[in-house]
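The values are calculated or read from the model by the stated rules, or taken from the named source; none is laboratory data. Predicted, not measured: the structure shown is a model, and the values here were computed from it. Backbone-built Cβ (ideal geometry, glycine too); neighbour counts: all protein chains shown.
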Amino acid sequence: SYFDLIADLAAEALPDAATGTGHACALETSLMMHVLGDSVRRDLIPPGGTPPSWPDPHLYAAPAVTVWRRFEAIRGNGVIGTPSEASAEAGSRLFIAAVERSRAAILNIQSEFGQRNA
C-alpha cells in the first residue's frame, strides 16, 4: 500500500509515525489537510494518543500477532495515533511521495510482469 511506500518519509515528517499511525492518525489527517483542507474539522481533533493495548494497533508497529478489532474498541472515538500532530505541510510532502512512489511501483510491476489487457 502507499503507507508502506512512504514509511520512511512518515518517520521524518511525523513525530509519532512509529507509534501513532492508524485510523484518522496524523498521517491521514495531514493528507486530508493537504488534499481537502476545508473538510478537516480541526476543532474536533482529539488531544492525546492511543491508549496502550495489545496487540499494538499502529500501522508501522509490525506486531507478530494481529487481532482484528473495531477502531472504537481501541479508542472510543475510533482515532488511532495522534492526529493533533498533523499539518498540511507534512501532508503535501507525503502526498507527493505517495503518488510518485505508487506510480513507480506500478511501472515496475508492468515492466516485470507485463500489462494486463482485460
Of (1) of a type outside the set (S, T, Y); (2) closer than 23 Å to M33 by Cα; (3) in contact with a Pro (Cβ under 6 Å, 6 or more places away or on another chain), V67 satisfies every one except (2)
Which of the residues spanning the stretch 59-85 are of a type outside the set (A, V, I, L, M, F, W, C) and either loosely packed, with under 15 Cβ neighbours inside 10 Å or without any contact (Cβ under 8 Å) to a residue 60 or more places away in the chain (or both)?
-> Y60, P63, T66, R69, R70, E72, R75, G76, N77, G78, P83, S84
State whether one or more residues within the stretch 26-39 are in a loop (DSSP other than H, G, I, E, B), in contact with a helix residue (DSSP H, G or I) (Cβ under 7 Å, 6 or more places away or on another chain), in contact (Cβ under 8 Å) with a residue 24 or more places away in the chain and on the phi < 0 side of the Ramachandran plot.
-> no
Here the qualifying pairs (Cβ atoms under 7 Å; residues six or more apart or on different chains; first in the stretch 43-58 and over 18 Å from A17 (Cβ atoms); second aromatic (F, W, Y)) come out as none
Leading residue by the ranking (modelled with the highest pLDDT) among those in the stretch 73-118 that are assigned to a loop (DSSP other than H, G, I, E, B) and over 30 Å from G48 (Cβ atoms) = G114
In the stretch 5-42, anything more than 17 Å from I80 (Cα to Cα), surrounded by fewer than 19 Cβ atoms within 10 Å (Cβ to Cβ) and out of contact with any Lys or Arg (no Cβ under 6 Å at 6 or more places or on another chain) is listed as D8, L9, E12, V35, L36, G37, D38, S39
